[in-house]
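Trainee: Provided herewith is a single structure, encoded as structure tokens, for subsequent inquiry.
Read the figures in this text as sums done on the coordinates, not as results from a lab. Only a predicted model underlies this, so the values are computations on that prediction, with no experimental measurement involved. We place every Cβ from the backbone using ideal geometry, glycine too, and count neighbours over all the protein chains shown.
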Amino acid sequence: MSQLLPYETIVKASEGDPEAVAAVLSHYAGYIRACSKMDGHINVEMQEHIIQKLIESLFKFRFDRDN
């Protein structure tokens, strides 16, 4: 079972800390690879697209909202 990322890592990643962003990408690397598979092979363009969207989402993430 996968562990959750520490809150502090997410906060730092959303602030642009390169090590924290790398930690987030590393944490989701297996999931990204799995979602990038087409016909049993990893589609590199799709993998890069997913990574790009994840990074964009990190910088848009807000902690000051109430749910």
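Trainee: As an exercise: evaluate residue 57 against (1) on the phi > 0 side of the Ramachandran plot; (2) in a helix (DSSP H, G or I) and give the number of the one condition it does not meet.
Mentor: (1)
Trainee: Return the residues of segment 1-40 that are part of a helix (DSSP H, G or I), exposed (fewer than 12 other Cβ atoms within 10 Å of the Cβ) and either polar (S, T, N, Q) or touching a residue at least 40 places away in the same chain (Cβ under 8 Å) (or both); say none if nothing qualifies.
Mentor: Residue satisfying the conditions is 26 alone.
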